[in-house]
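Student: First the structure, which I've put down as C-alpha cells, then a few questions once you've had a look.
The values are calculated or read from the model by the stated rules, or taken from the named source; none is laboratory data. Keep in mind the model is a prediction, meaning the values are calculated, not measured. Don't worry about glycine lacking a Cβ; one is built from the backbone with ideal geometry, like all the others, and counts go over all protein chains shown.
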Amino acid sequence: MSRSLKAWRPLVAATVLAALAGAAFAQGKPAADGPRFGFGRAATPQEIAGWDIDVRPDGHGVRKGKGTVAQGQDLYDAQCASCHGTFGESNRYMAIAGGVKPEDLKTGRAAALRAPDGMRTVGTKLNYATTLWDYTNRAMPWTNPQSLTVDQVYAITAYVLHLNEIVPADFELNDGNLTKVPMPNRNGMSTNHGLASPKGKPDVSGKLCMKDCVQAVKVTSELPDFARNQHGNLAEQKRPIGPARGIDTTFYDPSAAAAKATPVAVAAAPAAADPKALVTKYACTACHGMTNKVVGPGFTEIAARYQGKPDSEAYLAKKVKAGGEGVWGPVPMPPQPALKDDEALAIAKWIVGGAR
Amino acid sequence: MRSVREKSARPIGRVVPAPEHHLSAETIQAAKGRRGFLASAAAGGIAVAAAGKAVAQAKDAPPAINPWTRSLGAPVGATGYGAPSKFEAAVQRRQSPGLTPQPQSSVSFTPLQNLFGIITPSGVHFERHHSGMPEVDPTQHRLMIHGLVKRPLLLTMDDIMRFPSVSRIHFIECGANTGMEWGNVAVPTVQYTHGMLACSEFTGVLLSTLLDEVGYDKKTARFVLAEGADGSALTRTIPMEFALNDVMVVYGQNGEMLRPENGYPLRLLVPGVQGVSSVKWLRRLEVGDKPWNAREESLHYIDLMPDGTHRQYSGVQEVKSVITTPSGGQMLQGKGYYEITGLAWSGRGKVRRVDVSTDGGRNWQQARLQDPVLTKALTRFRADWNWDGGPAMLQSRAVDETGHVQPTIVQLRAVRGTRSIYHNNAVQTWRVQPNGEVWNVQIA
C-alpha cells in the first residue's frame with residue numbers, strides 16, 4: 001500500500017510543477033521526472049523479451065523448460081563434441097569437463113585449483129550452473145549461436161553437468177532446479193580485493209628508492225636462443241629507420257630464414273574466390289588439417305577420396321554447408337549456415353582440385 | 001589559311017576546369033599503379049627490405065637528386081581514405097603464435113615499438129574478439145536500455161548521436177595484457193608483452209546521460225549489464241560506481257567512427273577498467289540489482305590466487321609503465337646518446353611521475369612527462385641516456401596520483417603466485433647486450 005503511494009509521489013510532484021511552469025509545458029517541454037531529450041522510442045515488452053536473454057544466479061531471467069542428461073548427450077555428440085571432445089575433455093578450447101572430485105561437491109571448493117597443475121575446467125571453475133546455461137544459450141554452438149531451443153539448452157547443460165559428475169545420469173534439469181545445482185566451486189570466488197573498485201587498495205606497491213636500491217641483479221628468466229625467431233623475424237616488425245632496428249632473428253635459425261612474420265590479415269574479409277582464406281574464415285581449420293586429421297579428415301585426405309568422381313564438387317559443397325556424420329567416423333561435422341553457396345562451391349572445388 | 005580556332009579542338013583562352021572531385025576511376029588506377037600503391041601487405045615486407053637496401057647504398061645522397069624530386073607526384077584524391085606509406089609495412093598488428101587455436105577467438109597486439117606520443121592509430125589498435133568480428137549495419141543497429149528503469153528505450157544510431165556528446169582520451173588495456181609473463185619470459189617484444197594496450201580519443205554519450213533519460217531506479221539499481229551484438233553476445237556487469245562516473249557509450253574514435261575491429265558502430269567504454277568491460281558492438285544495457293556472473297566474469301577474466309580462490313570482478317588496471325624504445329627485439333645502432341621513451345598509465349587516475357633505471361633498478365632518474373597528462377590515459381615519458389656500449393638493464397617505474405608505485409614481478413608473485421593470468425602490472429626489464437641487441441628478461 002505505502003509502496004504504491006511512494007511510486008505515485010513523483011507523478012503528483014510533476015503535475016504540480018507542470019501547472020506552475022504553464023507556458024513552457026504547452027510548448028512540449030517534458031515533466032520534471034520525464035525524459036529530458038525524448039529521443040528514441042519505448043522498447044515494447046515483446047522487443048525486450050526477444051533480446052533480454054540473460055540468466056542470473058538468483059533466478060532472474062530463468063526460462064521455463066526442461067531437458068535430461070540423455071537428451072543432452074545426443075545433442076552434445078551432434079553439435080558440441082567435434083570441438084570439445086566426446087567427454088568434454090578437449091583442451092584445445094577450454095576443457096569443459098574434468099578435475100572435479102566428490103568432496104568438492106560438499107565443500108564447494110574445487111581442490112584441483114589449489115594444485116599447481118590442477119585442471120582448470122568448467123567443472124572446477126564455475127560457481128553457478130546458470131552461467132553455463134546462459135552462455136550455451138547465447139553463444140553456442142560457436143559457428144551457429146542462438147540456434148538452440150530452450151529445452152535443448154537445458155538438456156546440453158544437464159549433460160555437461162553430468163560429464164563433470166555433478167548430476168546423475170537420470171537427471172532432468174529444469175527451471176525449478178537450475179539455480180540449485182551444487183556446483184563444485186560455488187564457494188571459490190572472492191570479490192574481497194582491491195581491483196573491484198576505483199578506490200580499492202592495491203595488494204603491493206613498489207618502493208620510491210632512487211640510489212643503491214638493490215645489491216645484486218640476477219637474471220631469473222630469458223628467452224632461450226631457439227625461441228629467438230618464434231614470433232617471426234623481428235627485423236620485419238620494426239620500421240627500418242630510427243635509433244633502433246629490429247633484430248634479424250633468422251640468424252640463429254637458418255631453417256626459418258624463409259619464414260615471414262605474420263601480419264594479421266586473417267581478420268580481413270577474404271575474397272570469395274580464395275578457398276584457403278575461406279576455410280580459415282569459417283574456422284574449418286579448427287577440425288581439419290591441410291593434410292592430416294585433427295577432428296575431421298585432412299583436406300588432402302578428402303581430395304584423395306573424391307577426386308575424379310562425378311558430381312563430387314556439388315556433393316561436397318552441399319556437405320560443407322549442411323554438415324553430416326558417418327562418412328569419416330562417428331564424430332559429426334556441424335552445419336555452417338553462414339557459408340554462402342558460392343563460397344561452399346569454391347571450397348569444394350579447391351578440395352577436389354587437391355587442396356593446394 | 002586556317003584559323004587557330006579550326007586547328008585546335010579546344011577553344012583558345014578557356015581554362016580547362018581542374019579535376020577536383022572528378023577523378024575518373026582510370027585516373028586513380030593509373031596513379032596507384034605508377035606509385036605502386038597496390039602493393040599488398042605481404043609484398044610490403046619485401047618493400048621494406050628493398051627500401052632498407054636503397055638507403056644502405058646511399059646512391060640517392062647529395063649531390064645526386066632523388067627520383068621523387070625529378071618527377072611529377074601522384075594527384076590529390078589518389079586515395080580517398082589514406083593509408084600509411086608503403087615503407088611503413090613493418091607496422092602491423094600481429095598475433096602471438098600458438099596463443100589461441102582460432103583467429104576468431106583471439107587477440108592481435110598493438111605494435112607499441114613503432115608508435116609515437118600517446119594516441120594509437122585506429123588501424124593498429126589491438127583486437128580481441130570472442131566470436132569473430134561482425135559486420136554491423138549502422139542503420140539496422142539498435143541499443144536497448146531496460147531493466148530497473150521507468151522508460152525502457154530503443155535507440156537508433158540517429159537517436160544516440162543526437163544526445164549531448166563528450167570527447168575524452170582514455171586507454172584501453174586488456175586484463176590479460178602481460179599475462180603471458182606471469183611465470184617466466186615468454187615473448188620477445190613490447191608488442192607481445194604489452195600490446196593489448198591502446199589509447200584513443202573517444203567520442204560518445206556519457207552513460208549517466210542515458211541512465212537519466214530512461215529514469216533508472218535510484219533506490220534499487222546497483223549494476224548495469226552490457227551486451228554485445230556479436231556471435232558471442234558478450235556480457236559484462238558494470239557496477240553503478242563506475243557507470244555513473246565516467247563510462248561512455250562511444251561511436252567516435254580518433255576523429256572517425258569506430259573501426260569494425262573496435263566495435264563499429266557502438267561500444268561501451270569503461271575508463272581505467274580491463275578492456276573486456278568496454279563491450280563492443282553494444283546492443284543492450286540492462287539495469288539490475290545484482291551482478292550477472294557472466295561467463296567472462298566467472299570462467300575467464302578471474303584471477304586465480306595461490307590458495308585456489310578466484311578473484312571475481314577484478315576490473316581496475318593498476319599503475320603500470322613500459323619502455324618502448326629501446327625495447328625487446330631491437331638492435332641499437334652504436335654507442336652514444338639514446339632517448340629512453342615509453343608509456344605510463346593508471347586505471348585510478350593520472351600518472352604523477354615515472355622513474356627510469358639503466359642498471360636493473362639499482363639507481364633511478366626521474367623521467368620527463370610529456371603534456372598532456374590525462375586521467376586514465378597513456379602518458380608519454382622520456383629520459384636521457386648515454387650508452388657506453390656495455391651491458392645495461394632498462395626499467396621504468398610509474399607512480400599514479402593515488403601514490404601507488406608500480407611493483408616488481410617479485411612483489412606481485414609473492415601475493416598472487418604465477419597462475420592468475422590477469423593484471424600483471426610489474427616493472428618490465430629490457431637487457432641491453434654489448435652487441436646492441438635488446439632482449440626481454442626478468443630479474444630478481
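Student: Report the residue count in segment B:77-115 for those that are out of contact with any strand residue (DSSP E or B) (no Cβ under 7 Å at 6 or more places or on another chain), surrounded by 21 or more Cβ atoms within 10 Å (Cβ to Cβ) and β-branched (Val, Ile, Thr).
Tutor: 1
Student: Please specify each residue of segment B:164-191 satisfying the condition of being acidic (Asp, Glu) and either assigned to a loop (DSSP other than H, G, I, E, B) or farther than 21 Å from B:Phe116 by Cα (or both).
Tutor: If the condition is that a residue be acidic (Asp, Glu) and either assigned to a loop (DSSP other than H, G, I, E, B) or farther than 21 Å from B:Phe116 by Cα (or both), then B:Glu181 is the only one that fits.
Student: Evaluate the following for B:Pro84: is it at pLDDT 95 or above, over 30 Å from A:Ala338 (Cβ atoms), more than 7 Å from every other protein chain (Cβ to nearest Cβ) and assigned to a loop (DSSP other than H, G, I, E, B)?
Tutor: On the way: at pLDDT 95 or above: yes; over 30 Å from A:Ala338 (Cβ atoms): yes; more than 7 Å from every other protein chain (Cβ to nearest Cβ): yes; assigned to a loop (DSSP other than H, G, I, E, B): yes.
Considered against the rule, which asks whether it is at pLDDT 95 or above, over 30 Å from A:Ala338 (Cβ atoms), more than 7 Å from every other protein chain (Cβ to nearest Cβ) and assigned to a loop (DSSP other than H, G, I, E, B), B:Pro84 comes out as yes.
Student: For segment B:124-163, enumerate the residues that are of a type in the set (Ser, Thr, Tyr) and either assigned to a strand (DSSP E or B) or facing another protein chain (nearest Cβ under 8 Å) (or both).
Tutor: B:Ser131, B:Thr156
Student: Ok, one more. Can you tell me how many residues within segment A:80-113 are touching a residue at least 40 places away in the same chain (Cβ under 8 Å), within 23 Å of the chain's Cα centre (by Cα) and not in a loop (DSSP other than H, G, I, E, B)?
Tutor: 4
Student: Confirm whether B:Ala243 is touching a helix residue (DSSP H, G or I) at 6+ places or on another chain (Cβ under 6 Å) and surrounded by 24 or more Cβ atoms within 10 Å (Cβ to Cβ).
Tutor: yes
Student: Now a separate question. Which of the numbered conditions does B:Gly123 fail, given that it passes all the others? Conditions: (1) modelled with pLDDT of 95 or more; (2) surrounded by 17 or more Cβ atoms within 10 Å (Cβ to Cβ); (3) of a type in the set (Gly, Ala, Ser).
Tutor: If we test B:Gly123 against (1) modelled with pLDDT of 95 or more; (2) surrounded by 17 or more Cβ atoms within 10 Å (Cβ to Cβ); (3) of a type in the set (Gly, Ala, Ser), just (2) comes out false.
Student: Could you please find all residues in segment A:123-151 being more than 8 Å from every other protein chain (Cβ to nearest Cβ) and either in contact with a Phe, Trp or Tyr (Cβ under 8 Å, 6 or more places away or on another chain) or farther than 23 Å from B:Gln104 by Cβ (or both)?
Tutor: Those that are more than 8 Å from every other protein chain (Cβ to nearest Cβ) and either in contact with a Phe, Trp or Tyr (Cβ under 8 Å, 6 or more places away or on another chain) or farther than 23 Å from B:Gln104 by Cβ (or both): A:Gly123, A:Thr124, A:Ala129, A:Trp133, A:Thr143, A:Thr149, A:Val150, A:Asp151.
Student: On to the next question. In this structure, is A:Ala78 surrounded by fewer than 23 Cβ atoms within 10 Å (Cβ to Cβ), among the hydrophobic types (A, V, I, L, M, F, W, C) and more than 14 Å from chain B (Cβ to nearest Cβ)?
Tutor: Yes: the conditions hold for A:Ala78.
Student: Considering only residues that are closer than 23 Å to B:Thr324 by Cβ, surrounded by fewer than 22 Cβ atoms within 10 Å (Cβ to Cβ) and more than 7 Å from every other protein chain (Cβ to nearest Cβ), which ones fall in segment A:206-231?
Tutor: Listed by number, the list holds a single entry, A:Ala227.
Student: For B:Ser208, only one of the following conditions fails: (1) surrounded by fewer than 24 Cβ atoms within 10 Å (Cβ to Cβ); (2) in a helix (DSSP H, G or I); (3) touching an Asp or Glu at 6+ places or on another chain (Cβ under 7 Å). What is its number?
Tutor: Condition (3) is where B:Ser208 drops out.
Student: Quick check: is even one residue across segment B:430-440 assigned to a strand (DSSP E or B), more than 10 Å from chain A (Cβ to nearest Cβ) and surrounded by fewer than 18 Cβ atoms within 10 Å (Cβ to Cβ)?
Tutor: no
Student: How about segment A:232-245: which of its residues are outside any loop (DSSP other than H, G, I, E, B), of a type in the set (Gly, Ala, Ser) and either more than 7 Å from chain B (Cβ to nearest Cβ) or over 14 Å from B:Leu112 (Cβ atoms) (or both)?
Tutor: Listed by number, the list holds a single entry, A:Ala235.
Student: Among the numbered conditions (1) within 11 Å of chain A (Cβ to nearest Cβ); (2) in a loop (DSSP other than H, G, I, E, B); (3) out of contact with any Lys or Arg (no Cβ under 7 Å at 6 or more places or on another chain); (4) among the aromatic types (Phe, Trp, Tyr), tell me where B:Phe242 comes up short.
Tutor: The one condition B:Phe242 does not meet is (2).
Student: Quick check on segment B:324-340. Is at least one of its residues more than 24 Å from A:Gly242 (Cα to Cα) and crowded, with 23+ Cβ neighbours inside 10 Å?
Tutor: The answer is no, given that none of the residues of segment B:324-340 is more than 24 Å from A:Gly242 (Cα to Cα) and crowded, with 23+ Cβ neighbours inside 10 Å.
Student: Filter segment B:259-272 for residues that are under 14 Å from B:His170 (Cα atoms) and hydrophobic (A, V, I, L, M, F, W, C) and give the result.
Tutor: B:Leu268, B:Leu269, B:Val270
Student: Something else now. Condition first: within 28 Å of A:Ile247 (Cα to Cα), more than 7 Å from every other protein chain (Cβ to nearest Cβ) and not in a strand (DSSP E or B). Now tell me which residues in segment B:390-420 satisfy that.
Tutor: B:Gly390, B:Pro391, B:Ile409
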